[in-house]
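Just below is one structure, and these are the notes that go with it.
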Amino acid sequence: MKHLLGIQTLDKTTIELIFETATEFKNVLNRPIKKVPSLRDITVANIFFENSTRTRLSFELAEKRLSADVVNFTASSSSVKKGETLLDTVNNILAMKVDMVVMRHASVGAAQFIADRTAAQVINAGDGTHEHPTQGLLDAFSVREKLGEVAGKKIAIIGDIMHSRVALSNIFTFLKLGAEVRVCGPATLIPRHIAALGVSVSHQVQETLAWCDVANVLRIQLERQQIKYFPSLREYAAYFGITKAMLDNLNKPIVLMHPGPVNRGIELSSDAADSPHSIILDQVENGVAVRMAVLYLMAQYRDKILAVSA
């Protein structure tokens, strides 16, 4: 694959190849020397126009574990503040002979925009409320690691579906791998026609937890909300927050996930986030391996094209 802009462009075979490659890289991460020379001649620029902790650090660590040269860019301390356009910013970075771009931007389609107008390989690290493909991949990889397979599993995505890019990438990934997907949250935070994607819709958290094998809980995206979609965070926590008592009352174990950052006491209580049901920290670990796999496979594509052109 030349770019990774979204899950919709991937088929099941490609996703499985990413998972197999990630499994090998996870073995690398668990050995004393955690570095391989796979991207030794490649320079990667992490271009983040939005704040990020987990995603940015995960990509940077993945790149360094593959021996790539890494350049980090933050919009808040750049010429973007002086009025420089997105394309000019990226072109100036590429003029320094950067091979790959990992980009997060508040605008939907920003990664596609850059991929269409530059020669660099582009990884979408989140574009507005659209997609976050590596998060969707690492979530599915974590489920497969925990439960053995994704096909046939019942996956619930709970929370702010409307404003979450993780939700859409999760839906596409899990459906492609044969899972049954349900979204759950306040009616005001679920897109009206989302059932057209092949998912079911619920507004009852306890009933959804009883239905599912895996619950991926999303935070409220307050930074993307221009109006109030519910009376207060306290009321949201009362009706849609998940506690360990709710999980313990189920007659079966379920897998609890969260892409982070967790707003403790709102979508998840602390005892739920830290409970044996939770694989939140496993997701963080798997994120490095999955991103290593994506970078490695994109580098293989690049080498193949260069070999053909030579």
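Every read-out reported here was derived from the displayed coordinates using simple, explicitly stated rules and does not represent laboratory data. Note that the coordinates shown come from a computational prediction; the quantities given were computed from them, not determined experimentally. So basically every Cβ, Gly included, is an ideal-geometry build from the backbone, and we count neighbours across all protein chains shown.
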Checklist entry - In debye to the nearest 20, how big a dipole does the chain give about its Cα centre with +1 on each Lys and Arg Cβ and -1 on each Asp and Glu Cβ? => result 280
Item to check | Cα Rg, Dmax (largest Cα-Cα span) when computed across the range 133-283, Å | outcome: 14.0, 41
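Roughly speaking, what % of Cα-Cα pairs in the range 102-201 are separated by over 20 Å, rounded to a whole number? Intermediate results must be reported in sequence, preceding the final value.
Details: 2070 of 4950 pairs.
For the range 102-201, the share of Cα pairs beyond 20 Å comes to 42 percent.
Peptides 156-164, 92-100, 108-116: what's the order by average Cβ count within 10 Å, highest mean first?
Result, highest mean Cβ count within 10 Å first: 156-164, 108-116, 92-100.
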Item to check | Residue-wise HN-Hα coupling along the range 246-255, computed from phi with Karplus coefficients 6.51, -1.76, 1.60 (Hz; x: Gly, Pro) | outcome: 5, 5, 5, 7, 6, 8, 7, x, 10, 9
Checklist outcome for this item: In the chain, taking the dipole from +1 charges on Lys and Arg beta carbons and -1 charges on Asp and Glu beta carbons about the Cα centre, the listed residue (V262, H203, T13) farthest towards the positive end is V262
Item to check | In sequence order, calculated HN-Hα J values of the range 33-45 (Karplus, 6.51, -1.76, 1.60; Hz; x Gly/Pro) | outcome: 9, 9, 10, 10, x, 4, 10, 4, 9, 10, 10, 10, 9
Next on the checklist: Just to confirm a number: summing +1 for Lys and Arg and -1 for Asp and Glu over residues other than V284 whose beta-carbon lies under 12 angstrom from that of V284, what do you get?
Outcome noted: -1
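Please state the charge dipole magnitude for the range 73-189, taken about the Cα centre, from unit charges on C-beta atoms (+1 on K and R, -1 on D and E), reported in debye and rounded to the nearest 20. Walk me through the numbers on the way to the answer.
Details: 12 positive and 11 negative charges, 31 e Å.
It works out to roughly 140 debye.
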Checklist entry - Hey, if you put +1 on the Cβ of every Lys and Arg and -1 on every Asp and Glu Cβ in the range 133-283, which of V214, L250, I190 ends up farthest toward the positive end of that dipole? => result I190
Item to check | Under 5 Å, built H, 5+ apart or other chain: amide partners of N46 | outcome: V71, N72, F73, V102
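In this model, which of K34/K97; K146/K304; K228/K252; K176/K228; K35/K252 are farther than 30 Å apart at the alpha-carbon? Kindly include the intermediate steps, with their values, before the conclusion.
On the way: K34/K97 27 Å; K146/K304 34 Å; K228/K252 36 Å; K176/K228 34 Å; K35/K252 40 Å.
Where the Cα-Cα span goes over 30 Å, the pairs concerned are K146/K304; K228/K252; K176/K228; K35/K252.
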Checklist outcome for this item: About its Cα centre, the range 1-92 carries a charge dipole, from +1 on Lys and Arg Cβ atoms and -1 on Asp and Glu Cβ atoms, whose size in debye to the nearest 20 is 360
Checklist entry - With each label point set 7 Å from Cα along the Cα-Cβ vector, what nm distance links T74 and L233? => result 2.3
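Short version: what are the Cα gyration tensor semi-axes of the chain, square root of 5 times each eigenvalue, largest first, in whole Å? Write down the numbers at each step before the final one.
Numbers: eigenvalues 220, 102, 59 Å².
Each semi-axis is the square root of five times an eigenvalue, giving 33, 23, 17 Å.
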Checklist entry - Hey, which aspartates and glutamates would be in cross-link range of K244, C-alpha to C-alpha under 19 Å, not counting anything within fewer than 8 residues on its own chain? => result E207, D213, E235, E267, D271, D274, D282
Checklist entry - Long-range amide H contacts for V181: which residues qualify at under 5 Å (H placed 1.01 Å from N, peptide plane, sequence gap of 5 or more or a different chain)? => result I155, S200
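Per the helix-only calculation at 222 nm, which mean residue ellipticity applies to the chain, given -39500 (n - 2.57) for every DSSP H run of n ≥ 4 and division by its residues, nearest 500 deg cm²/dmol? Walk me through the numbers before you get to the answer.
Numbers: 11 runs with 128 residues, N = 310.
Mean residue ellipticity at 222 nm (helix-derived): -12500 deg cm²/dmol.
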